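The values are calculated or read from the model by the stated rules, or taken from the named source; none is laboratory data. This one's a predicted model, so the numbers in the text were calculated from it and none came from an experiment. Cβ placement follows ideal geometry from the backbone for every residue including glycine, while neighbour counts extend to all protein chains displayed.
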Amino acid sequence: MKKILVTGGAGFIGSHTVIELVGRGFIPVIADNFSNSDRRVTDGLTSILGHRPETVMIDCTDSGAMERLFADHGFHAVIHFAAFKAVGESVTDPLRYYRNNLLTTQVVLECMRTYGVRHLVFSSSCTVYGQPDSLPVTEQSPLKPPVSPYGYTKQVCEHMVCDFVSAEPGFSAGLLRYFNPVGAHPSGLNGELPYGVPSNLVPFITQTAAGLRPALTIFGSDYATPDGTCIRDYIHVTDLAGAHVRALDWLEANPGKCEAFNLGQGRGHSVKEVIDTFERVTGQHVPVVMGPRRAGDVEQIWAEVTKANRALNWHTELGLEVALADAWRWQQYVNTLPAP
Ligand code: WQD
């Protein structure tokens, strides 16, 4: 059985990937400092998996601790999620984003080199494209200047990873460019547990529908889109997690390669369309108010995903409606949990 280090494995996408890894016979080891994830996630994973996945509380910027972790485990590969990821927050606190997102990646690569761990799945983002000139974006679309420090950290890390692979014979890396991950595990026992006020749209919708927030503010209704609100490509988190496991197969078969893959649904939905779909699917009402644009937002972006379809033999199976229904089920479950 192959051990996979999952940094940030208690996070939203990381925890769903842990479930998919176990389903494929891998042994995930979660490394997380819980700075941006909730410890209760491992309880939910235990319920789903029937055992508690090995979890190590560690700061991935701590090179000494990470060296010891690698020495203890003999990992087959690394899936590196540990990073901050809120676009708006990165605008107000850029240094925190540059330090964390770049240094965790550098420490992981140095440890991989020291211990001969040759395969890396890197958690990247569609924000590396900036505001694209044409849509949908392909992996060959130009990486324009990102509109947020978060996007810049992902662009720099992609270069760091590929330069490393070029310099180290036998290594391989997949840069998975996520579009907008949404939803929750169909069991209703795992999902997004944002700290404090959610920065992302869907958890804010579900918390508003649950009465935890008085109203949802739509950030900008004067964009050059059909209904004036931003357009994104929303992908079910379970579909997204499955792509990570498929990427491990690709890495083994492609030593020396460092390639990007778009992971999205392959179509766009506006903010208003997401809200309307949520209300239709769940029967819940979401009070909204119109607000100003949010710094760091691109107007519209969605993915062309045939490269991942072909190279990873991966396709999405769950659409936006299922994702929103799963997100609502999860919100109702979270409301029953004791406070952290
Ligand atoms: C979506 C839309 C907001 C909240 C995310 C991740 C990022 C990356 C890309 C993985 C925007 C609007 C939001 C609210 C709103 N994914 N909105 N009111 O900014 O596209 O980025 O996906 O790496 O890590 O953060 O997602 O959900 O924050 O915003 O109107 O209360 O919803 O303006 O147009 P975003 P988001």
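The single condition among (1) under 16 Å from the mean Cα position of the chain (by Cα); (2) without any contact (Cβ under 8 Å) to a residue 40 or more places away in the chain that residue 121 does not satisfy is (2). Here is the figure for segment 42-69: residues that are farther than 26 Å from residue 103 by Cα and among the small types (Gly, Ala, Ser) total 3.
Can you name the number of the only condition in (1) among the aliphatic types (A, V, I, L, M); (2) buried (at least 22 other Cβ atoms within 10 Å of the Cβ); (3) at pLDDT below 95 that residue 78 fails? Of (1) among the aliphatic types (A, V, I, L, M); (2) buried (at least 22 other Cβ atoms within 10 Å of the Cβ); (3) at pLDDT below 95, only one is false for residue 78: (3). Modelled with pLDDT of 95 or more, within 19 Å of the chain's Cα centre (by Cα) and surrounded by fewer than 23 Cβ atoms within 10 Å (Cβ to Cβ), is that true of residue 246? Considered against the rule, which asks whether it is modelled with pLDDT of 95 or more, within 19 Å of the chain's Cα centre (by Cα) and surrounded by fewer than 23 Cβ atoms within 10 Å (Cβ to Cβ), residue 246 comes out as yes. Candidates are the residues of segment 143-200 that are among the β-branched types (Val, Ile, Thr) and away from the ligand (no atom under 12 Å from the Cβ); the one that is farthest from residue 307 (Cα to Cα) is 156. Looking across 296, 291, one residue alone is surrounded by fewer than 21 Cβ atoms within 10 Å (Cβ to Cβ), within 15 Å of the ligand (Cβ to nearest atom) and either among the hydrophobic types (A, V, I, L, M, F, W, C) or on the phi > 0 side of the Ramachandran plot (or both). It is 296. Do we have any residue at all in segment 209-229 that's buried (at least 23 other Cβ atoms within 10 Å of the Cβ), more than 12 Å from the ligand (Cβ to nearest atom), under 22 Å from residue 322 (Cα atoms) and at pLDDT 95 or above? Yes.
For segment 95-127, what are the residues that are at pLDDT 95 or above, within 15 Å of the ligand (Cβ to nearest atom) and of a type in the set (Val, Ile, Thr)? Passing the criteria: 104, 105, 121.
Inclusion of residue 277 among residues that are of a type in the set (S, T, N, Q), over 21 Å from residue 240 (Cα atoms) and either touching an Asp or Glu at 6+ places or on another chain (Cβ under 7 Å) or away from the ligand (no atom under 12 Å from the Cβ) (or both) is not warranted.
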